[in-house]
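*Asks:* After the structure tokens below, expect a handful of questions from me.
The values are calculated or read from the model by the stated rules, or taken from the named source; none is laboratory data. Note that this is a predicted model, so its numbers are computed, not measured. Here Cβ is always computed from backbone atoms with ideal geometry, including for glycine, and neighbour counts include all displayed protein chains.
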Amino acid sequence: MKGDTVKYSVETIGEGDPVIFLPAGGFKGNEGLIIADYLKDSFKTYLLDLPGYGASEGIQGRINTQAVADWLKGFLDEADIACVTLIGHSIGGALALMFALHYPDRVNRLILLDQGHKKFPNIPFAEFGKFALLLPLLNLGVSLIKRPLLIRLLPFLRHQQ
């Protein structure tokens, strides 16, 4: 954050009623490029990087549903958008739901893509194979060492583009 403003990284495509696309975790807003291209004749689609992903600044302080909703509300206020259609993929869908919970009067439509997930096992062999054995160790390391461990691991976990 810089002062009381939040830096949002967004790309816009098309003209018309506003649509915000919120991507899956680890992806930039341009993950929705195919959707925005399809809608461009009737809608102005904002491909918004999630807080802390891509070039958008993260949320400072305690993160809860209200903080996330306020982050998205801040973008809408800056873009002078009163009511919007939200398209959220995966974690982007969770953000869209948080916004709809706290600001229902600002939501025209809510479209969720692959937002719900099954219960995640403690050691998810089906999803990660042998690597799954490292996840409990990573959880323990983060619990004990907190942010410094994540900062050291970031170069190994970051999605390269």
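*Asks:* Go through the range 107-161 and report how many residues are of a type outside the set (A, V, I, L, M, F, W, C), closer than 21 Å to Pro23 by Cβ and either in contact with an Asp or Glu (Cβ under 8 Å, 6 or more places away or on another chain) or modelled with pLDDT of 75 or more (or both).
*Replies:* Adding up the residues that qualify gives 3.
*Asks:* Restricting to the range 37-58, what's the tally of residues that are in contact (Cβ under 8 Å) with a residue 40 or more places away in the chain and among the aliphatic types (A, V, I, L, M)?
*Replies:* 3
*Asks:* Name the residue, out of Val107, Val68, Val84, that is among the β-branched types (Val, Ile, Thr) and under 11 Å from the mean Cα position of the chain (by Cα). Even if it seems obvious, please write down each step before you answer.
*Replies:* Working: Val107 fails: under 11 Å from the mean Cα position of the chain (by Cα); Val84 fails: under 11 Å from the mean Cα position of the chain (by Cα).
Just a single option satisfies the conditions, and that option is Val68.
*Asks:* Now for a separate question. Scan Ala96, Ala82, Ala100, Ala24 and give me the residue that is out of contact with any Phe, Trp or Tyr (no Cβ under 7 Å at 6 or more places or on another chain) and within 26 Å of Ile151 (Cα to Cα).
*Replies:* After applying the criteria, what remains is Ala24.
*Asks:* Modelled with pLDDT of 70 or more, of a type in the set (Gly, Ala, Ser) and surrounded by fewer than 15 Cβ atoms within 10 Å (Cβ to Cβ): which single residue out of Ala96, Ala82 fits that description?
*Replies:* Unique residue meeting the criteria: Ala82.
*Asks:* Provide a single number: the residues in the range 60-82 that are in contact (Cβ under 8 Å) with a residue 40 or more places away in the chain and part of a loop (DSSP other than H, G, I, E, B).
*Replies:* Counting residues in the range 60-82 that are in contact (Cβ under 8 Å) with a residue 40 or more places away in the chain and part of a loop (DSSP other than H, G, I, E, B) gives 3.
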